[in-house]
Amino acid sequence: MDINRSNMQTLFTGFNLLFQRGFEAVPNDYLKFTTTVPSTTATEAYPWLEQVGGMREWIGDRQLKNVSSRKIEVVNRDFEDTVSIPRNDIEDDQYGIYSTLIAQMGYNAGKLWQDLAVEALVSNPKWIDDADFFSTTRTYGEFTIANKTTDGLSAENYAAVRKSMMEFRGHNGRNLGVIPNLLIVGPKNEATAFGILKDRLQLKELTAGVGATDNPWNGSAELLVLPELSGDYEDLWFLAATNGILKPLFVQQRKQPNLVSLDSETDENVFCRKEYIYGTDARGEAFLAFPHLICKGGAAA
């Protein structure tokens, strides 16, 4: 290929199309348990996260929750991915062999938000009340919000966590209306989770031996298997309520990934090293937001 501005622009247009195809091919599973929020600065503050609980009968003055000095500050992080292509490969029309590489770059860029969401999911940072987000001792006013258990996934433990979440009460003492509807597991727990949520019957030890009874949890939640919950996190499982306005995690997006190039003959990388550089970058972060909307089970290694 003749190296001129017009041909290089055409090449970049083709690479950008491949990048976008890769970007759009990523499953957006993270959207099932996260809320995406735009970011307009380096750090976003969320002082309102504890102000939940619903309506109350208005008797006397309004009841305000004083959280003016209690807030979560989320700092956006920077991410990048860069590849180089030798100038000789472009001249010799060998640029097609890099198409897969560019498409994979787009896929990786599209997967960034899910990577951040899962990273936040397996973490256990301090929440707005200075207690661990996943905790057995948190309270909303006088009412305990225990969203952590070290028990492994089983039908019995699933039932116990589900019942506990549905009984959560807010600061005003009213039931929060939490209805868990999403069970998140890794590959190790997939079969167990499938048995809990998909099997019509379940085996039980009956008086005369082992028999089958109707499975009360059949269809009680959607199953989401995340490959990232493996290795040190293979025993973790999460039960979340995601069918309301709010979701348990936030993905804060400051800058979406897009493909850029350094492919001018006067760019230092081309002039000095005979290579064209293509890269992408993004800014953002993910964080755990509402303890009453998600419970963590199992123990990480």
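The values are calculated or read from the model by the stated rules, or taken from the named source; none is laboratory data. Fair warning: this is a prediction, and the values are worked out from it, not measured in the lab. Positions of Cβ are backbone-derived with ideal geometry, glycine not excepted, and every protein chain shown enters the neighbour counts. Heads up: the accessible areas ignore ligands, DNA and RNA and are worked out on the full protein's heavy atoms, side chains in. Shrake-Rupley method; radii C 1.70, N 1.55, O 1.52, S 1.80 Å.
Quick look at the values:
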quantity	calculated
Leading residue by the ranking (surrounded by the fewest Cβ atoms within 10 Å (Cβ to Cβ)) among those in region 28-48 that are at pLDDT below 90 and either among the hydrophobic types (A, V, I, L, M, F, W, C) or outside any strand (DSSP E or B) (or both)	ALA45
Members of region 2-16 that are surrounded by fewer than 15 Cβ atoms within 10 Å (Cβ to Cβ) and not acidic (Asp, Glu)	ILE3, ASN4, ARG5, SER6, ASN7, GLN9, THR10, THR13, GLY14
Test: residue in region 242-256 that is closer than 30 Å to LEU153 by Cβ, touching a helix residue (DSSP H, G or I) at 6+ places or on another chain (Cβ under 8 Å), assigned to a loop (DSSP other than H, G, I, E, B) and among the polar types (S, T, N, Q)	yes
Flag for GLN104 being in a helix (DSSP H, G or I) and open to solvent by 70 Å² or more (accessible area, probe 1.4 Å)	yes
Among residues of region 257-281, those that are among the hydroxyl-bearing types (Ser, Thr, Tyr) and in a loop (DSSP other than H, G, I, E, B), counted	2
Residue match in region 216-239 (condition: closer than 26 Å to VAL74 by Cα, in a loop (DSSP other than H, G, I, E, B) and more than 14 Å from the chain's Cα centre (by Cα))	yes
Restricting region 70-101 to residues that are among the hydroxyl-bearing types (Ser, Thr, Tyr) and outside any strand (DSSP E or B), the residue that is surrounded by the most Cβ atoms within 10 Å (Cβ to Cβ)	TYR98
Members of region 284-301 found to be out of contact with any Phe, Trp or Tyr (no Cβ under 7 Å at 6 or more places or on another chain) and surrounded by fewer than 22 Cβ atoms within 10 Å (Cβ to Cβ), listed by number	GLU285, ALA299, ALA301
Hits in region 128-164 (condition: open to solvent by less than 30 Å² (accessible area, probe 1.4 Å) and charged (D, E, K, R))	ARG138
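For (1) open to solvent by less than 50 Å² (accessible area, probe 1.4 Å); (2) modelled with pLDDT of 95 or more, each residue gets a yes or a no:
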position	(1), (2)
MET166	no, yes
GLY173	yes, no
LYS204	no, no
GLY244	yes, no
GLN253	yes, yes
ASP263	yes, no
THR266	no, no
